[in-house]
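Here the structure is laid out as C-alpha cells; the discussion comes afterwards.
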Amino acid sequence: MTIAYAVTGQGPDLLLVHAGVADSRMWARQVAELKADHRVITLDLRGYGETTLEPGAKYSDAGDLLALLEELGARDVIAVGASYGGYVVQQVASRRPELFSRLVLICAPTDNVQPDDEVRAVWAEENALLEAGDVDGATELTVRRWIGPEADDEARELLRVMQKRAYDVQLAAGDVDNEEWPVEPEKISAPVRLITGAHDFAFFTDSADYLAERLPAAERIDLPWAGHLPTLERPSEALSLIR
C-alpha cells in the first residue's frame, strides 16, 4: 500500500479521513473512544503525515482511498471526512456507493460550488507567503484562520505541527498531478450527515447546502460554536456527532 494507515479496534468499519490542513493525528481523541466498538481506519493522504509525495507524482487520493478499503476488505463503511477529506470521500462514494453505510461530512467542499471571496483571499495570502519562502508565516495563517474560537492551545499546536509537516513534504515534491474523480451526489445512496460551523468560511456552508438539496438521504447540522475543524475544537461534542 502506497499510503500510511492504521487500523485499530473491532466492530463495524469506521473510516476517518483528515482535512487538507492536517493529517490523521487530528482524529487521535476520537479514535481513543471509537476503537472500543469499531474497526477504526485512519490514513495519511499523499503529502501528509507519514505518507511521502514523490516529485512530479501522478496519483489519485480517491484511488488511494478506494485501494486501501479494498485491501482491508472493508464493507458497510461508516466514513467520516473533514474538509478536503470529506471531498475525497464524496468522490469514492459517488463511484462505489455500495461500499458505504453512512457518511459524515464535516465542513467539506464539493463540486459545482464556487469559493467565496474571503476564502479566496486566505488562499491568495497563503500562496504569497509560500512563494516568498515564509513557511512559518503560512503555517501561522492556517492556525489563525482555519480553526475556530473554541479550540484550546493543544489543538492549535497540533494543527501547527500537522500543517508544517504538510508544507515541508509538498513543497519538496513540487508540481504533482492528483486526479480527482467527479462527485455525483445523486449516486450516493448512504445516509449523509452534513456538518458545518457558523465561524467557518461561507464556501463550506454553501457546499453543504448544495449537497443537502441533491443527496437522496441528507441530514443538515450547523454548529453555532464551530469553525472549520470542530473535531479539534470540541472533541467530545464532535464525537457525539460522529456517533
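The values are calculated or read from the model by the stated rules, or taken from the named source; none is laboratory data. All values reported here derive from a predicted model rather than from experimental measurement. Because the Cβ atoms are built from the backbone with ideal geometry, glycine has one as well, and the counts that use them run over all protein chains shown.
So for the stretch 42-57 (the condition being in contact with a helix residue (DSSP H, G or I) (Cβ under 8 Å, 6 or more places away or on another chain) and over 18 Å from residue 173 (Cα atoms)), does at least one residue qualify? Looking for residues that are in contact with a helix residue (DSSP H, G or I) (Cβ under 8 Å, 6 or more places away or on another chain) and over 18 Å from residue 173 (Cα atoms), one finds at least one in the stretch 42-57, hence yes.
Set side by side, the residues 79, 74 differ, and just one is outside any helix (DSSP H, G or I), over 25 Å from residue 232 (Cα atoms) and of a type in the set (A, V, I, L, M), which is 74.
Quick one: would you say residue 189 is over 17 Å from the mean Cα position of the chain (by Cα) and among the polar types (S, T, N, Q)? Yes, satisfied.
Report yes if residue 194 is within 18 Å of the chain's Cα centre (by Cα), within 26 Å of residue 153 (Cα to Cα), in contact (Cβ under 8 Å) with a residue 24 or more places away in the chain and buried (at least 21 other Cβ atoms within 10 Å of the Cβ), otherwise no. Taking the combined requirement at face value, the residue does not satisfy it.
Conditions (1) of a type in the set (S, T, N, Q); (2) under 28 Å from residue 73 (Cα atoms), marked per residue:
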residue: 99; (1), (2): no, yes
residue: 104; (1), (2): no, yes
residue: 110; (1), (2): yes, yes
residue: 117; (1), (2): no, no
residue: 125; (1), (2): no, no
residue: 144; (1), (2): no, no
residue: 168; (1), (2): no, no
residue: 175; (1), (2): no, no
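Restricting attention to the stretch 79-109, and to residues there that are under 17 Å from the mean Cα position of the chain (by Cα) and surrounded by fewer than 21 Cβ atoms within 10 Å (Cβ to Cβ), which single residue is farthest from residue 187 (Cα to Cα)? Ranking the qualifying residues of the stretch 79-109, first place goes to 84.
For (1) under 18 Å from residue 53 (Cα atoms); (2) in contact with a helix residue (DSSP H, G or I) (Cβ under 9 Å, 6 or more places away or on another chain), each residue gets a yes or a no:
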{"residue": "143", "(1), (2)": "no, yes"}
{"residue": "164", "(1), (2)": "yes, yes"}
{"residue": "177", "(1), (2)": "yes, no"}
{"residue": "183", "(1), (2)": "no, yes"}
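Scan the stretch 94-147 residue by residue and report those that are among the charged types (D, E, K, R) and within 24 Å of residue 214 (Cα to Cα). If the condition is that a residue be among the charged types (D, E, K, R) and within 24 Å of residue 214 (Cα to Cα), then 95, 96, 98, 102, 111, 116 are the ones that fit.
Among the residues of the stretch 200-242, those that are free of Cβ contacts under 8 Å to residues at least 60 places away in the same chain, surrounded by fewer than 17 Cβ atoms within 10 Å (Cβ to Cβ) and part of a loop (DSSP other than H, G, I, E, B) comprise 216, 217, 224.
Here residue 67 clears all of (1) in contact (Cβ under 8 Å) with a residue 40 or more places away in the chain; (2) surrounded by fewer than 19 Cβ atoms within 10 Å (Cβ to Cβ); (3) closer than 22 Å to residue 216 by Cβ; (4) not β-branched (Val, Ile, Thr) except the condition numbered (3). Say we look at the stretch 110-145 and pick out the residues that are among the polar types (S, T, N, Q) and assigned to a loop (DSSP other than H, G, I, E, B); which of these is surrounded by the fewest Cβ atoms within 10 Å (Cβ to Cβ)? Here the residue is 114. Taking residues in the stretch 147-171 that are at pLDDT 95 or above and in a helix (DSSP H, G or I), and partners anywhere that are surrounded by fewer than 20 Cβ atoms within 10 Å (Cβ to Cβ) and among the acidic types (Asp, Glu), the pairs with Cβ atoms closer than 8 Å and at least 6 places apart or on different chains are 160/140; 164/136. Within the stretch 28-51, being in contact (Cβ under 8 Å) with a residue 40 or more places away in the chain, among the hydrophobic types (A, V, I, L, M, F, W, C) and surrounded by 24 or more Cβ atoms within 10 Å (Cβ to Cβ) holds for 43, 45.
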